[in-house]
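Working notes for the structure below.
The values are calculated or read from the model by the stated rules, or taken from the named source; none is laboratory data. Small disclaimer: the values here were computed from a predicted structure and weren't measured. So basically every Cβ, Gly included, is an ideal-geometry build from the backbone, and we count neighbours across all protein chains shown.
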Amino acid sequence: MEHIGLLDVHHLTVGYPDGGRVLQDISLHIHEGEIVCVIGESGCGKSTLLNAILQMPGRLHITEGEILFRGRNLRTLPREEVRRLRGTGMGMVFQEPGASMDPIRKIGAQFYETMRAHAPISRREAMGQAEDLLARLDLQDTRRILGSYPVELSGGQKQRVAIALAMALRPDILLADEPTSALDVTVQAQIVEELMRLRDDFGTALLVVTHNMGVVSRMADKVAVMYGGRIVEYGYRHDVMTAPAHPYTRALMDAIPRPDGTPPKAIPGVRTKKEFDYPCPFLDRCPYAHPACRTEKAEKIPIHGEHWTLCNAGFKGGAAS
Amino acid sequence: MTRDKRFARWRLIILLALAALLGILCLLAPRLVPNDPYKVDLLQAKQPPGAQFPFGTDGFGRCVFSRILVGARVSIFSALAVVGITLVIGCVIGTLCGYFGGAVDTVFMRLVDIFLAFPGMVLALAVAGMLGTGLGNAVIALVATGWPQYARLARSFVLTLREENFVYAARLNGQSTWSILLRHILPNALRPLIVTASLSIGGTILGLSGLSFLGLGAQPPAVEWGSMLSDGRGLMQQAPWIVFYPGLAIFITVVLFNLLGDSVRDVLDPADAFHIFRKVKALRHRKGIPTL
């Protein structure tokens, strides 16, 4: 297939066993050391995308498409192979700080277990590596942290430890599900910096799911804007942020509070859950909707380089000013 | 550490010390007895408590005090064995059912339903009756009726734990299923189960004594508190000490182990980890403490 990157998602469609649809025709390519941010509102399928990539189906059901990791199809790979890829190939950070930690086991023990699941390692060696990782994440008192239980740490500390745990096996890509949403603003900024430093130090690619434009504008190389289970705009951060092409992206940008005091504009309407039956997911709320939008299926329209949008009207109507 | 917590810890230490004392007493019983607990001497029958026989003698002139000391071993250790075995069996079945689900889960849980539908003691009676008399069979009977409760409890904890993010994360880190079960699921589920187990020691002693009282437990010449009660009940009017002291021994031991269970719960109560304990409490409350 074209585009053999680190992680390639091709035309992924995901639903629930009862037929409900969550993601439709998602394509995404992440290269080594690249930071891709997926932004969108609650319920648009961001987290489902991560779960699908990690092959942790649970209740979801991949109906179409492929997920390739280093060119290997995760959907057809034997389970044991997938297990080996987890941790060493892909790491995961959750929104809730500390959610990835067992509440009754000391943090040091959890590092040791994670590392030992993939390669024989001595306890001392594991602790050394863990301390090093924690120090890179600006944590002081690393030895004490390794000897503590998760409850004994603050939210920011826990999230850093969680990131370090996910990084323990030096995965090629770190998937982060709103890693900063549950933290206060100063800590958010620090975590963002630290994640970017990890990329610089280890060359780890990042796929960050967020609804925070600040996070996107600080760290993203590329941005994927999701709405109603589809990617509606994709491109380099600079292109997307300075020349948003899709009406939804523009509405999102207008909804950012500004320091000059102009009140942020809310996006009118609510999601209808009927997006999957529409030719365009944003149809109901789109201020630029043409009559033609109701009949013609929204197509991927290239704008400039890798920048594209899923909008007939936005492009034709010259909305990409 | 808060004052409450420190107090709870001290209480646990004291109760554990008392339980240990009881255990030592059991182990050393043959050396501590003032009289031969098995020696029949009809001339000394039904002696009231006095200098030679601190708790008096029974209908055959045997020293009640010595018999209580010797019987403690059987009563307490077999109760501990019952609780231990039920805990292990219940945990294994419940954990596997909860984690893997599917057909195994359905089969075992329906079996559990059947077992729980009978009054525990009646079922134990039936099993002991079928297996025949004897202490070993009484233990088996109590285990057979006790495991479903633990299996059900363990399963419900595992069901909630399975969906926890840290279990998910462990899978994402590439840990194997067995490693997750042993390192994450079991230890988290075990704390509330240990509390349940320690709370049911008292009830099990009673159950075992009950079976012995009905003649299904320990057989003569083995001494057991329940069978002492049973032997002495005909003489209740003339020599009340024959039933009073074994009854007192059962009472004290049951109270001690119940307090111990409570105390274990207070100390282990993981306000800092999970609120699962409140669930145990509620479950036990709904079912009516203890098992038997």
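If you go through the range A:13-44 and keep only what is more than 15 Å from the chain's Cα centre (by Cα) and either of a type in the set (Phe, Trp, Tyr) or buried (at least 16 other Cβ atoms within 10 Å of the Cβ) (or both), you end up with A:THR13, A:VAL14, A:GLY15, A:TYR16, A:ARG21, A:VAL22, A:GLN24. Annotation: of all residues in the range B:119-143 being under 23 Å from B:GLY94 (Cα atoms) and free of Cβ contacts under 8 Å to residues at least 24 places away in the same chain, the one that is nearest to the chain's Cα centre (by Cα) is B:ILE140.
Within the range B:161-206, being small (Gly, Ala, Ser), within 11 Å of chain A (Cβ to nearest Cβ) and surrounded by 24 or more Cβ atoms within 10 Å (Cβ to Cβ) holds for B:ALA169, B:ALA170, B:ALA189.
Mind listing whichever residues of the range A:167-224 are within 14 Å of another protein chain (Cβ to nearest Cβ), of a type outside the set (A, V, I, L, M), buried (at least 18 other Cβ atoms within 10 Å of the Cβ) and in a loop (DSSP other than H, G, I, E, B)? Correct list: A:PRO171, A:ASP172, A:GLU178, A:PRO179. If we keep just the residues of the range A:57-116 that are buried (at least 22 other Cβ atoms within 10 Å of the Cβ), outside any loop (DSSP other than H, G, I, E, B) and facing chain B (nearest Cβ under 7 Å), which is modelled with the lowest pLDDT? Per the criteria, the residue is A:GLY87.
Evaluate the following for B:LEU211: is it more than 14 Å from chain A (Cβ to nearest Cβ), modelled with pLDDT of 85 or more and in a helix (DSSP H, G or I)? Answer is yes for this residue. For the range B:57-156, the helices (runs of 4 or more DSSP H) that sit wholly inside it and include 3 or more residues that are farther than 30 Å from B:GLY232 by Cβ are B:78-100, B:102-117.
For the range A:126-155, taking the residues that are more than 14 Å from chain B (Cβ to nearest Cβ) and of a type in the set (Gly, Ala, Ser), the one that is nearest to A:LYS106 (Cα to Cα) is identified as A:GLY147. In summary, B:PRO220 fulfils each of the numbered conditions (1) in a helix (DSSP H, G or I); (2) in contact with a helix residue (DSSP H, G or I) (Cβ under 8 Å, 6 or more places away or on another chain) with the single exception of condition (1).
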